[in-house]
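Notes follow once the structure below has been shown.
A short reminder: the numbers here are calculations on the coordinates, not readings from a lab. In this text, all values refer to a predicted model and were calculated from it rather than measured experimentally. FYI the Cβ positions are ideal-geometry reconstructions off the backbone, even for glycines, and counts take in every protein chain you see.
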Amino acid sequence: MGEINLILEQLINGLSLGMVYALIAVGYSLVFGILRLVNFSHGSVYAFGAHMTMMFISMKFGIVPAILASIILTGILGVLIDKASLEPLRKKGSKPIAALITTIGISYIIQNLLMIVFGSHTKHFPKLFDFGVVNILGATIGTTQIFIFLVSLILLFILTGIVRFTKIGLAMRAVEQNPKAAHLMGINVNRVITFTFFLGGASAAIAGSLISGYYQMVYAGMGFLAGMKAFSAAVLGGIGVLYGSIFGGLVVGVSETFAATYLGGSYRDAVAFLILILVLLVKPHGLFGKKGITKV
Amino acid sequence: MKKFKKTMILGLVLLLIMTSLAACSSKSDDIVKVAVAAPLTGDYAEYGTGFKNAVELMAEEWNAKGGVLGKKIEIVLYDDKNNGEEAANIAEKIASDGSIVAVIGHFASGVCMAATPKYQEAGIINISPSASHPDFTKEGNYIFRNNTVISSEAKAAVEIAIDVLGKKKIGLLSVKTDWGTSTAAITKEIIAELGATLVDHQEVVDGTVDFSPNISKLNDAGAEVVIVAAMYNTLAPLATQYKAVNPNIQFVGFSNAYSQQLIDLAKENAEGIHFPAQFFDGSTDPKIANFVKNYESKYGAKPSSLTAQAYDSMGIILTAIEKAGTTDRAKVREEVEKINYNGVTGATTFNENRDSVRPFTIVKIENGNFVEVKK
């Protein structure tokens, strides 16, 4: 088989991996957009979602109800994180760095709880779908990858739709621009924040279920590296901008895959971060990021 | 009167201290201590716990028969978390504790080799049931390996690929660890020696989850069988993802991936994976069947080959102590060196490099179980 086929295959490998990063990255972006806070617990929330889906499937819920139950539960976890730790900090008017450190702490708490409940070893996750392989232009591509790509794309469209075209989305954008003014206009800012955390948790659960279904395994620490890469994808695309996250995810996924192919497996993790640094040197707000508005 | 009281109290306290000290020393005379140093927590806890369980089981069996040299056998546990620094600290601790006769353990070769200089220096017998790096026993004459050396295992793996599976286009995937890199290098040489073709070699870092770039390369290179120098946490997702692209691919693993966890994790995708094994738990040999039964009833899981090697390692140490008639480490060491121990992994002797020598069994996964492949 020719080099072109290999490149095409690797491109598709990279795009489906990238879409997965994009799904996690929107979670960072959503919360950052509203609160200007990097929510480092997001990676663990993603791992939590995957574990919940595994648990519900093993309880014979059926795949779709299991994922739905996991989405709701993980969404509630997102809200809980905000209500239990971040909201009290906001009320006290503490510094942003306190909230940031809190999210790192929460990340470890969730990860350790998962270890206590489910054990620290890697566990099997049932296959969600399998339609065999297809040949496109001589390249062999697993349909699972195409499926992940399409499902992620649809979900990202739905999320963008919610933010762009619904009433709550309008409220979210208003809070994003100016929380105080939004509050004065009669928007319940706390409800908007709660909804955002729910959406972030729900998207993490979907990402967790899809990725675990593809790799057929889950483990408590799965959110760490995936979370870091998704975060860099979000920053790369311009954090707070949803389509930026998608583009960033794809760049990270494709560059990682090509690094693994041509430079060897040991460099794959470094390349994503290298690209991030290079982009930030040229465009400090990310590829699609808006210039920071200094609020007085 | 007051002075007399003070002296009395002082005397009593001294008496107390002395008797307790005496009790201590007389007690430790009746005990033979063997240390187990292995990862008891973390990613490799499964292996370390296996060591601990197996060694405890062997000790219990001896204790039930009255111990060794009439003394009770006691196990001292150390958790090295499969971390070289932890291992070096543990070796330091064990070396400063004069009562420990031998150490069974350290799991990964790299971790073992962080600890061996100390054991050699202090003259403590160290048998690793898992280290497979060629340099491991080169540290000195107190260091023994009750595991196969990479070269003999790699040869067995390549022979399975060529003779049992009948494939000549071999792909190789290895983890970037001390063990993985040297195994890959040796495997490459053996593939060339035995007249097969190495179509591609992929290296991954331990903990890799996404193998799609590696699979595309191996598959495009036309690999018919992939020899995987990695543990179950790599082999399982690799097999799963590879079979989604090419359902006909065959895998040959190494003994450290030969574990029930592999089947639990890869399920139907583990079918047909072959291993060269030192120990097969489904064997009909009464000695092996008995060990498997006892282990399973006590710990609720079947022993892996590394676990069996840990069990035999303990057997070797205790037999050597008995033969030496003393717990003097230098004398016990000599007995270990010339032992011919017939354990659950077969008849074990140590060669001039203090590496164990015994034949391989070929095992494959069929219908969710390991089965022996008759040659």
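Here is how the numbers come out for the structure above:
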| item | result |
| --- | --- |
| 5 angstrom amide H check on A:Leu287, placed H, neighbours 5+ away | A:Gly237, A:Gly238 |
| Average silhouette area of the stretch A:217-280, convex hull of alpha-carbon atoms, in square nanometres | 4.7 |
| Tensor-based shape of the stretch B:176-224 (alpha-carbon gyration tensor, a/c under 1.5 rounded, otherwise prolate or oblate) | oblate |
| Amide H contacts of B:Phe251 (H built 1.01 Å from N, under 5 Å, at least 5 apart or other chain) | B:Val226, B:His274 |
| Residue mean of other protein chain beta carbons inside 10 Å, B:227-234 | 1 |
| Radius, Kirkwood style, for the stretch B:242-308 when every pair of distinct Cα atoms is counted (Å) | 13.2 |
| Sequence ranges B:280-290, A:229-239, B:184-194, ranked by mean other-Cβ count within 10 angstrom, highest first | A:229-239, B:184-194, B:280-290 |
| Inter-chain shielding of B:200-212 (mean C-beta neighbours from other protein chains, 10 Å cut-off) | 6 |
| By average C-beta atoms within 10 angstrom, highest first, the peptides A:198-208, A:215-225 | A:198-208, A:215-225 |
| The stretch B:108-161 - Kirkwood radius from inverse mean 1/r over Cα pairs (Å) | 11.6 |
| For the protein assembly as shown, the fraction of alpha-carbon pairs in successive 20 Å shells from zero, as % | 17, 42, 29, 10, 1, 0 |
| Residue-span extension gain [B:Asp285 to B:Asn89] - 0.36 nm each, minus C-alpha spacing | 66.5 nm |
| Whole-Hz ³J(HN,Hα) from phi, Karplus 6.51 cos²θ - 1.76 cosθ + 1.60, for the stretch B:316-324, glycine and proline x | 4, 4, 5, 4, 5, 4, 4, 5, 6 |
| Shielding by partners, peptide A:9-21 (average Cβ within 10 angstrom, other chains) | 3 |
| Contact order relative to length of the stretch A:17-100, as percent, for alpha carbon pairs under 8 angstrom and 6 or more apart | 26 |
| Long-range tail of P(r) for chain B (Cα pairs > 36 Å, %) | 27 |
| FRET efficiency estimate (nearest 0.05) - Cβ-Cβ, B:Ala185 to A:Leu280, R0 41 angstrom | 0.55 |
| Links that overshoot a 25 Å alpha carbon limit, given the list B:Lys71/B:Lys302; B:Lys71/B:Lys323; A:Lys83/A:Lys229; B:Lys138/B:Lys338; A:Lys60/A:Lys127; B:Lys176/B:Lys243 | B:Lys71/B:Lys302; A:Lys83/A:Lys229 |
| Mean projected area (nm²) of the alpha-carbon convex hull when the stretch B:193-339 is viewed from all directions | 12.4 |
| Phi-based couplings in Hz for the stretch A:143-159 (Karplus 6.51, -1.76, 1.60; Gly and Pro marked x) | 5, 4, 5, 4, 4, 4, 4, 5, 4, 4, 4, 4, 4, 5, 5, 4, 4 |
| Chain B - share of DSSP beta bridges that are antiparallel (%, nearest 5) | 30 |
| Along each principal axis, Cα extent of the stretch B:256-375, largest first, Å | 51, 32, 24 |
| Calculated FRET value between B:Thr326 and B:Asn294, using beta carbons and R₀ = 30 Å, to 0.05 | 0.55 |
| Qualifying aspartates and glutamates (Cα of each under 15 Å from Cα of B:Lys93; at least 8 residues distant if same chain) | B:Asp79, B:Asp80, B:Glu85, B:Glu121 |
| Under-5 Å amide H pairs with B:Phe144, H placed in peptide plane, nonlocal only | B:Asn126, B:Ile127, B:Ser128 |
| The stretch A:1-154 pair-distance distribution - Cα-Cα, 5 Å bins, rounded % | 2, 8, 13, 16, 17, 14, 11, 9, 6, 3, 1, 1, 0 |
